[in-house]
Amino acid sequence: MSLLETAVFFQGETLLEKQFYAKTEQEMIPGRTNLIKAITTMAESAFDDEIKHFVVGDHEIMLKSHDIDPIDEDMAKMPLYMYAIAEKNINKKAVEDSMDEALFQFTNRFSTHDIMEKKKSLFQEFVDRFDKIFKGLIYTPDAKKTAKALKKMEEAQRYAERQAQRSQNYTNSINRF
C-alpha cells in the first residue's frame, strides 16, 4: 500500500502540494482539498475537536496540525494543516510519523512570517524534502503489482497450510485405526 499525495495548507490555502503518482493519472479524490477543508472546519466548529483520519472509497486521508505562533502577541495561535492521501491499508503509524517529521521540518525551515504571508513560491523548494521524508511510502506503478503478488503469495501460503493440516488430520485418523 502506498502514499499517493500530501499537502500543507494554512487558513484554507494550499501552501505546498506533492503528488507521488504520474501527472497523467486522474486525481485520486476529486475536490480533495475542499473536502478536507470542509471536514476540518466542521470538526473544529461543531465538535471543537480534530479529525485525524477518515476513509473515502479505497483511500485513507490522514490529517495533522501544528500551531503557528502568531507574529503579533495579541493574536491567537493558528493551525497549519497537513494531509496525506494513501491507499486504504497503508501503515498509518509510518505515515503519521512521516507527517510529524515533515511538519517539524517545514516549520523549522520557514518563518511564521513566511507561512502567514503564504509565499507559495518560497515553499516549492521544500517539495524535494517530501520525497526524502516519505521515501518508503511513496506510490509507484509497481507498488500495486507488488501488493497483488504479495496477496497471491499469502493466499497460496494459507492454501498450502490448509492442505498440510488436512493431510495431517487424515494421517492422524488413519493412525488411530
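Coordinate-derived values only; no laboratory data. Only a predicted model underlies this, so the values are computations on that prediction, with no experimental measurement involved. Positions of Cβ are backbone-derived with ideal geometry, glycine not excepted, and every protein chain shown enters the neighbour counts.
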Theoretical FRET efficiency, 1/(1+(r/R0)^6), r = Cβ-Cβ of residue 175 and residue 88, R0 41 Å, to 0.05: 0.35
Using the structure shown, select from 92/118; 88/135; 93/119 the pairs with a Cα to Cα distance greater than 20 angstrom. 92/118; 93/119
Quick one: Cα convex hull volume of the range 83-138, Å³ per residue? 82
